[in-house]
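First up is the structure itself, then whatever we jot down about it.
The values are calculated or read from the model by the stated rules, or taken from the named source; none is laboratory data. Given the structure is predicted, the values throughout are model-derived calculations rather than measurements. Every residue, glycine as well, gets a Cβ built from its backbone with ideal geometry; the counts of neighbours run over all protein chains shown. Just so you know, the surface numbers come from the protein's heavy atoms only, side chains and all, with ligands and any DNA or RNA stripped out. Shrake-Rupley method; radii C 1.70, N 1.55, O 1.52, S 1.80 Å.
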Amino acid sequence: MNMKLNKNTQNESDIGITPVDGSTAAIKIGIDLGTSRSAICSSKGERLVMASVVGWPKDAVSAKVFGRRVLVGDAVLENRMALKTCFPLANGNLAFSGKEGQEQETLRKAGLHLFSALRMAANPNEKQAVHAVIGAPAEATRENKQAIIDLAREAGIEGVMVVSEPFAVAYALDALEDAMVVDIGAGTIDLCRMAGSLPGVEDQLTVFHAGNDVDARICELIREKRPEVQFSRNMIKQAKERFSSVVDTNKRAMVRFPVNGKPTEIDITAEIASAVGELVPHITEGIQKLVSSFDPEFQHRIRNRVIVSGGGSQVYGLQEALEKGLAELGGGNVEIVDDPVYAGAQGALKLAQEMPEEYWQQLGEDQ
Amino acid sequence: MTSENRPGTSEQNARSRSKQNGRVHHVEELRRKGIQKVRVVGQSQLQELAREAVARAVLELAESLEVSEETKKSLVGRAQETILKESREELPEIIDEPAMKPDVQLKTPSTDAESTAVSLPMALQDQEMLKELSRLIARDWRSELNSVQDSHRAQVERLEMRIEELTRALRATDQVLTRGKEEKGTEDLVLMPFDHKKEELLDQLFQANVALREISSGLDSEDGTSMDGEGRSA
């Protein structure tokens, strides 16, 4: 029932622990705000990844069962039959800003609960301030970013800065020049070229065809081939994460989905491979756009260091598939980050820790 | 040193001399005090005794000096020449058992005047001798002090020269190290240029967030381009 806390303690070499002066020194946190899942790393060494979803008990019975008025994270997915669920993010942005009326209010409240849960995951003391750097999609609008800041502040995070997600990944890896970061998420694929300075609008690109689109495509393909099979989007998502591949392997994606209520073993290898494979052209096209608009003298440098992060980077064979795609456009080298789930949050935390304290104070006063 | 059979003026003379050279004692008085034997010391013997005492003092002084044996010998030799230049004269007479032979006459100088005449020059000679000895010792001391000072000066000069050499070597080492550091710094600048810009980058990020807030609050609503770098308008 409870939110699943994945409190893996970080290695000291991974991240610096900010010395805490009694109970008053501010905790620094880095947040990768994801459409599907959000990750947080704190200066106290806490790490947590949770589903970006909020749920309210459907009725008095379920409220009695859960013992609380609202649930956040994986617990919502596990108990969604007894909950009214809400995903506060769409395409990497807070969804409420584009809505109106009751729907907007519900999405806004969901976003607020999500930020509160992320703040609590940092485990601050009662009087301890929290300063956060939050990763947003590369092409997030000013309104999107301001909505993030406002909601985070409302959730009790005193100091908030927003940074583009791929830049946070680059910062985590110290890949601040001659590199291209590709962050494959559920809602978007964010690309950012690093040329030794703060990336501008012209250095970043967001592809709105990502993990959720793959899930949708797999659903389409299965329905086309086996219309009698019963499944949900979440079942497809889990199968994709378990079996996704863009290259031919001997391993078959065998799942047990009900057919007329009877569990039936079904082979969905081809559907997953096809849907996942459709991502590759989107990524290589985005890379090519950013490379071609760069100084011709240095294009080869960023093409030769393409760093892929995010949950989508774990697709089997993606590295070879991308290099194959880049070969047709002039070649390039692709590397997958070791810790794709936390890379963005870790980079955001690094930024938060290295940001001068007076900046945080100024933001805290002004915001 | 005194005469029993010539009290009167001789006693007055003895008193006056005693102010200069010592006290005059009557034989009876000495006997009452239990003195049974008196050594009568002649002028030359007294001079000899004085020389011996001075020579002993010179030897003791020479021993106490921190100079080479050769210097000591030389010093003592010169002192001996000066102190013991006159030959030894008569030995002192010993009067045995004076109490048993009360009539014995102590051999004394013939007259007080003679005694006084002889005593004064002797004291002057001793004083002169001591002055000479003092001069000798002082000269030797100065000589030794000078040699020691010369030695020290030479050592100090050598030390100063060595310090100067070491200082020059130290400066040269510093220059080499400084040059190496500057070269290394230049290499770092070439190899890791971005490390030196991190503060600037963090500052830019901060400014972008400040601009974001300002735009949102309407302070800069008409100038969307102030958001340098991060994000774009909807």
Original post:
Given the structure, is A:Gly187 in contact (Cβ under 8 Å) with a residue 60 or more places away in the chain and either open to solvent by 10 Å² or more (accessible area, probe 1.4 Å) or over 20 Å from B:Glu200 (Cα atoms) (or both)?
Top reply: yes
Subject >> Test result for A:Met161, within 14 Å of chain B (Cβ to nearest Cβ), buried (at least 21 other Cβ atoms within 10 Å of the Cβ), within 24 Å of A:Val130 (Cβ to Cβ) and not charged (D, E, K, R) >> reply: yes
**OP:** Starting from the range A:198-219, keep only residues that are within 14 Å of another protein chain (Cβ to nearest Cβ) and touching a residue at least 12 places away in the same chain (Cβ under 8 Å), then list their pairs with residues that are assigned to a helix (DSSP H, G or I) and of a type in the set (A, V, I, L, M, F, W, C) whose Cβ atoms are within a distance under 7 Å, requiring at least 6 positions of separation or different chains.
**Re:** A:Leu198/B:Leu201; A:Leu198/B:Leu205; A:Pro199/A:Phe167; A:Leu205/A:Leu290
Original post:
Quick one: in the range A:331-367, which of the residues that are surrounded by fewer than 21 Cβ atoms within 10 Å (Cβ to Cβ) and among the small types (Gly, Ala, Ser) is nearest to the other protein chains (Cβ to nearest Cβ)?
Top reply: A:Gly364
Subject >> Yes/no for A:Ala168 being farther than 17 Å from A:Ile283 by Cα, open to solvent by less than 10 Å² (accessible area, probe 1.4 Å) and either at pLDDT 90 or above or not in a strand (DSSP E or B) (or both) >> reply: yes
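Quickly run through the range A:115-145 and pick out the residues that are assigned to a strand (DSSP E or B) and either in contact with a Cys (Cβ under 7 Å, 6 or more places away or on another chain) or more than 11 Å from every other protein chain (Cβ to nearest Cβ) (or both).
A:Val130, A:His131, A:Ala132, A:Gly135 - these are the residues of the range A:115-145 that are assigned to a strand (DSSP E or B) and either in contact with a Cys (Cβ under 7 Å, 6 or more places away or on another chain) or more than 11 Å from every other protein chain (Cβ to nearest Cβ) (or both).
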Subject >> Pair list, Cβ under 7 Å, 6 or more apart: the range A:90-113 residue without any contact (Cβ under 8 Å) to a residue 60 or more places away in the chain and within 23 Å of A:Ala210 (Cα to Cα), other residue open to solvent by 70 Å² or more (accessible area, probe 1.4 Å) and outside any helix (DSSP H, G or I) >> reply: A:Leu107/A:Lys99
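For the range A:131-143, does any single residue satisfy the condition of being at pLDDT 90 or above and open to solvent by 10 Å² or more (accessible area, probe 1.4 Å)?
So the first thing to find is which residues in the range A:131-143 are at pLDDT 90 or above, and the list is A:131-135.
Add one more test, that the residue is open to solvent by 10 Å² or more (accessible area, probe 1.4 Å), and what stays is A:131.
Yes: the range A:131-143 contains one or more residues that are at pLDDT 90 or above and open to solvent by 10 Å² or more (accessible area, probe 1.4 Å).
Out of A:Ile283, A:Ile236, I need the residue that is in a helix (DSSP H, G or I), in contact with a strand residue (DSSP E or B) (Cβ under 7 Å, 6 or more places away or on another chain), β-branched (Val, Ile, Thr) and more than 14 Å from chain B (Cβ to nearest Cβ). Which one?
After applying the criteria, what remains is A:Ile283.
Let me confirm something: among A:Val70, A:Val76, which residue is open to solvent by 20 Å² or more (accessible area, probe 1.4 Å), more than 23 Å from A:Pro340 (Cα to Cα) and modelled with pLDDT of 90 or more? Even if it seems obvious, please write down each step before you answer.
On the way: A:Val76 fails: open to solvent by 20 Å² or more (accessible area, probe 1.4 Å).
Among A:Val70, A:Val76, only A:Val70 is open to solvent by 20 Å² or more (accessible area, probe 1.4 Å), more than 23 Å from A:Pro340 (Cα to Cα) and modelled with pLDDT of 90 or more.
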